[in-house]
Amino acid sequence: MAELALSKSVKELNFSVIREMSLLASGYEGVINLGIGEPDFVTPAEIIEKAFADVRDGHTHYTASQGDPQLLKKLAKKISLDNHLTISSENILITHGGMGALAAALRCTIDPGEQALVLEPHFPDYAAHIKLAGGVAVGVSSCFEEGFVPRPEVIAEAITPLTKVIILNSPNNPTGGVLQGGILDRIAEIAVNNDLIVISDEVYDEIVFSHPFESISTREGMAERTLVIKSFSKSYAMTGWRVGYCYGPQALIKEMIKVVNYSTACVSSIGQRAALAALEIDPLIVSRMREKYVERASLVCEQINSFPGIRALEPKGSFYVFVDISGITGDSRKFALDLLEQARVVVVPGYAFGKSGEGCIRIACTKDEGILSEALNRLKEYLETLQKVAVSK
Ligand code: PLP
């Protein structure tokens, strides 16, 4: 039989490097997986109990494509309070995780051939969703020395007549960077001056270590051009429930509802009831998880910065530590594969996050301190072996 004539745009996509690393790890015994970015905590019991009670009460049907009306109403109240603005249910859409929002947003904002700016290093899925929408992802570079904070002038230089969208991610996966203050003002100015739509991925907004979280959507002139993406996955340890949401201009939300309608009808009613329950739990439960991430990140950074040849960027949020290994090698894939093979530790090679990520690795602090310490010991031993080999040459 002749080769199946499958869609070029999908065939051209690479499989996720993050998933690939975990798949490779499954072939080894005794691996510590610091690759996948998902909380190790179990979903808080209050959420599980309430969701199951709602299922028994009959919440087992399709909901409106836009979402469960009670959840929409509750979110409208929360978003308005948190951001000192007035948002109504018409501005909100419940999605299949933050990813569902990303996919629908890019479908609705990008036409074939148009460009979206992605600030490197970036969550790899952005480039995939842009491509699936027929668009072109244009990377904006940044560097370790500057904490991977993007330079406004570099962003401005990357804009062409075909640029429609800029995607921001704060707190950032993979760097743990947080955009705040002046840099947000400058990016907002660039977006307004160039009439760009901003997709602000804020799925780690509850995992900010010191300053209160700031969203670009609150900057002057931004509410009408920003789609904010949030998720229950990371803040409430609810990755498997697959619930996220987004809010922004009603005109955009209206189009995005069509995409959800035709692709999945709606988000699982059970997941949505769990999300509603999550909004009612004691905020202390969320802050305890955040405190754990702070402790873990500081343990990892302190240790890494005492190891030879590598250095860690102190994260300001999320649960990732981005580590510069360029003093040892510029080939992050080989480093990650050798580390798995020889030390049984999974990390994600930085090239997966765009060109600026090469020469780095991402460590997810999603294991308890004991396991993280064991992984760090293995990494240290691996680095010492490399040093011995280098000396003997
Ligand atoms: N955005 C970023 C930056 C992420 O890291 C992730 C998941 O890792 C997502 C969005 C999507 O998460 P979910 O679909 O589970 O909400």
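The values are calculated or read from the model by the stated rules, or taken from the named source; none is laboratory data. Worth saying up front: this structure is predicted, and the values here are computed from it rather than measured. Cβ placement follows ideal geometry from the backbone for every residue including glycine, while neighbour counts extend to all protein chains displayed.
Taking region 8-20, which residues are more than 14 Å from the ligand (Cβ to nearest atom), in contact (Cβ under 8 Å) with a residue 24 or more places away in the chain and surrounded by 11 or more Cβ atoms within 10 Å (Cβ to Cβ)?
Ser9, Leu13, listed by residue number.
I'm trying to understand the selection: among the residues of region 249-265, which are crowded, with 21+ Cβ neighbours inside 10 Å and within 16 Å of the ligand (Cβ to nearest atom)?
Narrowing region 249-265 to residues crowded, with 21+ Cβ neighbours inside 10 Å: 252-253, 256, 260.
Listed by number, the residues that qualify are Met256, Val260.
In contact with a Phe, Trp or Tyr (Cβ under 8 Å, 6 or more places away or on another chain), in a helix (DSSP H, G or I), surrounded by fewer than 23 Cβ atoms within 10 Å (Cβ to Cβ) and not basic (Lys, Arg): is that true of Gln387 in this structure? Let's see the steps before the verdict.
Numbers: in contact with a Phe, Trp or Tyr (Cβ under 8 Å, 6 or more places away or on another chain): no; in a helix (DSSP H, G or I): yes; surrounded by fewer than 23 Cβ atoms within 10 Å (Cβ to Cβ): yes; not basic (Lys, Arg): yes.
So Gln387 does not fit the description; no.
Please enumerate the residues belonging to region 342-358 that are among the charged types (D, E, K, R) and part of a loop (DSSP other than H, G, I, E, B). Let's see the steps before the verdict.
Taking region 342-358 as the starting set, the residues that turn out to be among the charged types (D, E, K, R) are 344, 355, 358.
Scanning region 342-358 gives Arg344, Glu358.
Quick one: Pro171 ticks every box in (1) within 16 Å of the ligand (Cβ to nearest atom); (2) assigned to a loop (DSSP other than H, G, I, E, B); (3) closer than 30 Å to Ser65 by Cβ; (4) in contact with a helix residue (DSSP H, G or I) (Cβ under 8 Å, 6 or more places away or on another chain) except a single one, so which number is it?
(4)
Can you report the number of residues in region 187-218 which are assigned to a helix (DSSP H, G or I), under 20 Å from Leu102 (Cβ atoms), away from the ligand (no atom under 16 Å from the Cβ) and β-branched (Val, Ile, Thr)?
1
List the pairs whose first member sits in region 123-150 and is closer than 17 Å to Gly37 by Cβ, whose second member is aromatic (Phe, Trp, Tyr) and at pLDDT 95 or above, and whose Cβ atoms are under 7 Å apart, counting only residues at least 6 apart or on separate chains?
Pro124/Phe353
Give me the residue from region 151-168 that is in a helix (DSSP H, G or I) and of a type in the set (A, V, I, L, M, F, W, C) and, out of that set, surrounded by the most Cβ atoms within 10 Å (Cβ to Cβ).
So the first thing to find is which residues in region 151-168 are in a helix (DSSP H, G or I), and the list is 152-157.
Narrowing the set further to residues that are of a type in the set (A, V, I, L, M, F, W, C) leaves 154-156.
Working: Val154: 12, Ile155: 22, Ala156: 15.
Only one residue tops the list, namely Ile155.
Quick check on this structure: which one of Ile328, Ile371, Ile361 is β-branched (Val, Ile, Thr) and part of a loop (DSSP other than H, G, I, E, B)?
On the way: Ile371 fails: part of a loop (DSSP other than H, G, I, E, B); Ile361 fails: part of a loop (DSSP other than H, G, I, E, B).
Among Ile328, Ile371, Ile361, only Ile328 is β-branched (Val, Ile, Thr) and part of a loop (DSSP other than H, G, I, E, B).
Please list, ordered by first then second residue, the pairs with beta carbon atoms under 7 Å, 6 or more apart or interchain, first in region 179-199 and in contact (Cβ under 8 Å) with a residue 24 or more places away in the chain, second among the charged types (D, E, K, R) and assigned to a strand (DSSP E or B).
Listed by first residue and then by second, the contacts come to Leu196/Lys164; Ile197/Lys164.
Is there a residue in region 178-186 that is within 16 Å of the ligand (Cβ to nearest atom) and within 12 Å of the chain's Cα centre (by Cα)? It would help to see each step written out before you state the result.
Residues of region 178-186 that are within 16 Å of the ligand (Cβ to nearest atom), as a first pass: 178-179.
Those still in the list that are within 12 Å of the chain's Cα centre (by Cα) too: none.
No, region 178-186 contains no residue that is within 16 Å of the ligand (Cβ to nearest atom) and within 12 Å of the chain's Cα centre (by Cα).
What pairs can you find where one residue is in region 79-99 and within 18 Å of Val203 (Cβ to Cβ) and within 16 Å of the ligand (Cβ to nearest atom), the other is part of a loop (DSSP other than H, G, I, E, B) and of a type in the set (D, E, K, R), and their Cβ atoms are less than 8 Å apart, with a gap of 6+ or different chains?
Correct list of pairs: Ile94/Asp68; His96/Arg242; Gly97/Arg242.
Output the residues belonging to region 102-115 that are touching a residue at least 24 places away in the same chain (Cβ under 8 Å) and more than 8 Å from the ligand (Cβ to nearest atom).
The first filter runs over region 102-115 and keeps only residues touching a residue at least 24 places away in the same chain (Cβ under 8 Å), leaving 102-111, 113-115.
Listed by number, the residues that qualify are Ala103, Ala104, Ala105, Leu106, Arg107, Cys108, Thr109, Ile110, Asp111, Gly113, Glu114, Gln115.
Regarding Ile47, is this residue in contact with a helix residue (DSSP H, G or I) (Cβ under 6 Å, 6 or more places away or on another chain) and under 24 Å from Ser287 (Cα atoms)? Reasoning before the result, please.
Details: in contact with a helix residue (DSSP H, G or I) (Cβ under 6 Å, 6 or more places away or on another chain): yes; under 24 Å from Ser287 (Cα atoms): yes.
Considered against the rule, which asks whether it is in contact with a helix residue (DSSP H, G or I) (Cβ under 6 Å, 6 or more places away or on another chain) and under 24 Å from Ser287 (Cα atoms), Ile47 comes out as yes.
Of the conditions (1) surrounded by 21 or more Cβ atoms within 10 Å (Cβ to Cβ); (2) under 30 Å from Val140 (Cα atoms), Leu379 satisfies every one except a single condition; which number is it?
Of the numbered conditions (1) surrounded by 21 or more Cβ atoms within 10 Å (Cβ to Cβ); (2) under 30 Å from Val140 (Cα atoms), the odd one out for Leu379 is (2).
Got a sec? Which of Ser318, Ser332 is under 21 Å from Leu24 (Cα atoms) and of a type in the set (Gly, Ala, Ser)?
Criteria check complete, one pass: Ser332.
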